[in-house]
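*Asks:* Here's a structure for you.
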Amino acid sequence: MVGDDTVLPCQLEPAMDAFKMTMEWGRLDLDPRFIYVWHDGKALLDDQNTAYEGRTSLAIDKLKHGDISLKLSKVKVSDHGTYRCYIPKQSKQYFVELLVAAISSPGISLARLHKDSGRVVLQCESKGWHPEPEVLWLDGEGKFLSAGPTETVRGPDDLYTVSSRVTVEKRHSNNFTCRVQQKIINQTRETQIHVPDDFFMATSNCAASISFSVVFCLMLIIAVSFSVWRQNKIKMPCRDMNEEQAERTKATNNSTEHRPLMGGGELKRTEDLEKKKAEQKDVVQLIDSLVGLRKELQKQKMQLTSQMQKAEKEVEETEQEVKSVEKGVTEKEGDKTANKANGYLKLMEIITEGNSKGEERKKAFQELQMTTSNLMMITSEQIKRIAEKNKLEDYMEEIEQQLQEKGTETGDAGGIKQDKTNPMK
């Protein structure tokens, strides 16, 4: 294992005293190839490969028994390879293969929640492996799960970092295991996680439904207001024509009895003015309704803006909390992966859930705010268009003046009482 001390075995056959002999330890794939040279009772290290300086030695007391095994201290990944033990006097050589291994425990974290389908994505990561390992996923019953391709990164220290993701659905136990193994060195490490049932529950976006309902109600109000105005303007076409004619005749007779005689043209003109006056009142009432609707929409928009700002603040607080937790896990002493697997997972799941809900709520508020703004603009345009089309201010003053003139002529001073503080009323 990386960091351990090891012994590369080499024994003379038949056994004999090797203290005064010459022997060489080396690797043929290196330049220089010499790892350790012993000659005539002392070590010759002038040509030693610099990667092994201060890390090689022989057991002097064992040389007389023909044991020329080499001790290698603080093994590195780069020490992995085939070594040759060579005795020139006997023209003999022996080969030893050194396998250097590095392992670590994996950690499992929650990568993503698929709320629409009720699935969960888990991620397993393990750092500091050599040789390169493989990653496997198992369910609570020990059955292998189909996962995505393993991502492998080799660092400057020649150690491998592997990571893998798997998408899981709700099961009987909701227990899942990540296993990292290296068959050559026969090493395996694994970590298990239990996912709560709540994380597999699919949810619907109720905010979108509420938005649609509010918009539909607003459109319905506008449609009803316009319908009422049209009905008043048309003056109930289903009304009995004989009855309407009788009322007109009666009104004409009464007018004839109490007023000086007028020509047919003047009488018709007066009736047209009265009719136009009634129509203008209907339009003004409609505009009042639309103005009220616009005020309500403005109030709703302010409330939505406040709620959206609150949602944005919640998202920012959640992100800060996530960064704080990640910093705490990184700076905590001990096995980083174990800390992440044991203490970090649960909090990370809760924060991720809250962050996801906050983003959905923020998006829904933005859509509803945009719809409300559009309705307010449409309402304002309708008010402006109707006011311009009917020329209410000038037209109402003209009708008032003409009716007052007619009232003076006939002795009837009835007219339109206009609210000077609001020319629309």
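The values are calculated or read from the model by the stated rules, or taken from the named source; none is laboratory data. None of these values were measured; they are calculated from a predicted model. Cβ: placed from backbone, ideal geometry, glycine included. Neighbour counts: every protein chain shown. Accessible surface areas use protein heavy atoms only, side chains included; no ligands, DNA or RNA. Shrake-Rupley method; radii C 1.70, N 1.55, O 1.52, S 1.80 Å.
*Asks:* State all residues of region 77-125 that are charged (D, E, K, R) and either touching a Lys or Arg at 6+ places or on another chain (Cβ under 7 Å) or open to solvent by less than 50 Å² (accessible area, probe 1.4 Å) (or both); if no residue qualifies, say none.
*Replies:* Looking only at region 77-125, we keep the residues that are charged (D, E, K, R), and these are 79, 84, 89, 92, 97, 112, 115-116, 119, 125.
Residues satisfying the conditions are Asp79, Arg84, Lys115.
*Asks:* Filter region 1-19 down to the residues that are farther than 15 Å from Asp67 by Cβ and either at pLDDT below 95 or open to solvent by less than 80 Å² (accessible area, probe 1.4 Å) (or both) and list them by number. It would help to see each step written out before you state the result.
*Replies:* Of all residues in region 1-19, those farther than 15 Å from Asp67 by Cβ come to 1-6.
Result: Met1, Val2, Gly3, Asp4, Thr6.
*Asks:* Restricting to region 183-196, name every residue that is out of contact with any strand residue (DSSP E or B) (no Cβ under 6 Å at 6 or more places or on another chain) and open to solvent by 80 Å² or more (accessible area, probe 1.4 Å).
*Replies:* Selection gives Lys183, Ile184, Asn186.
*Asks:* Scan region 77-125 for residues that are small (Gly, Ala, Ser), over 20 Å from the mean Cα position of the chain (by Cα) and assigned to a strand (DSSP E or B) and jot them down. First the steps, then the outcome.
*Replies:* Filtering region 77-125 down to residues small (Gly, Ala, Ser) leaves 78, 81, 91, 101-102, 104-105, 107, 109, 111, 117-118.
From what is left, the residues that are over 20 Å from the mean Cα position of the chain (by Cα) are 78, 81, 91, 101-102, 104-105, 107.
Scanning region 77-125 gives Gly81, Ala102, Gly107.
*Asks:* Follow-up. Among Gly66, Gly54, which is the only one that is over 51 Å from the mean Cα position of the chain (by Cα) and open to solvent by less than 70 Å² (accessible area, probe 1.4 Å)?
*Replies:* Working: Gly54 fails: open to solvent by less than 70 Å² (accessible area, probe 1.4 Å).
Selected residue: Gly66, the only one of Gly66, Gly54 that is over 51 Å from the mean Cα position of the chain (by Cα) and open to solvent by less than 70 Å² (accessible area, probe 1.4 Å).
*Asks:* Here's another thing I want to ask about it. Only one residue in Glu190, Glu151 is under 30 Å from Lys76 (Cα atoms), among the charged types (D, E, K, R) and without any contact (Cβ under 8 Å) to a residue 24 or more places away in the chain. Which one? It would help to see each step written out before you state the result.
*Replies:* Numbers: Glu190 fails: without any contact (Cβ under 8 Å) to a residue 24 or more places away in the chain.
Among Glu190, Glu151, only Glu151 is under 30 Å from Lys76 (Cα atoms), among the charged types (D, E, K, R) and without any contact (Cβ under 8 Å) to a residue 24 or more places away in the chain.
*Asks:* Continuing with the same structure: Being assigned to a loop (DSSP other than H, G, I, E, B) and buried (at least 16 other Cβ atoms within 10 Å of the Cβ) is the filter here; which residues of region 151-174 pass it? Steps first, please.
*Replies:* From region 151-174, those assigned to a loop (DSSP other than H, G, I, E, B) are 155-159, 169-174; that's our starting set.
Correct list: Leu159, Asn174.
*Asks:* Of these, Gly128, Gly148, which one is outside any strand (DSSP E or B) and open to solvent by less than 60 Å² (accessible area, probe 1.4 Å)? Give the steps one after another, and end with the answer.
*Replies:* Values: Gly128 fails: outside any strand (DSSP E or B).
Just one listed residue meets the conditions, Gly148.
*Asks:* Further question on the same structure: Which numbered condition trips up Asp139, out of (1) open to solvent by less than 20 Å² (accessible area, probe 1.4 Å); (2) within 23 Å of Ala51 (Cα to Cα)?
*Replies:* Looking at each condition in turn, Asp139 falls short on (2).
*Asks:* Now a separate question. So the check is Cβ under 8 Å with 6+ separation or different chains; which pairs have a first residue in region 295-310 that's more than 13 Å from Arg361 (Cβ to Cβ) and a second one that's hydroxyl-bearing (Ser, Thr, Tyr)?
*Replies:* Leu297/Thr372; Leu297/Thr379; Gln300/Thr372; Lys301/Thr372; Lys301/Ser373
*Asks:* Further question on the same structure: What do you reckon, is Val180 at pLDDT below 95, surrounded by 14 or more Cβ atoms within 10 Å (Cβ to Cβ) and assigned to a strand (DSSP E or B)? Step through it out loud before you land on a result.
*Replies:* Values: at pLDDT below 95: no; surrounded by 14 or more Cβ atoms within 10 Å (Cβ to Cβ): yes; assigned to a strand (DSSP E or B): yes.
So Val180 fails the test.
*Asks:* Among the numbered criteria (1) touching a residue at least 60 places away in the same chain (Cβ under 8 Å); (2) not in a loop (DSSP other than H, G, I, E, B), which one does Leu138 miss?
*Replies:* Every listed condition holds for Leu138 apart from (1).
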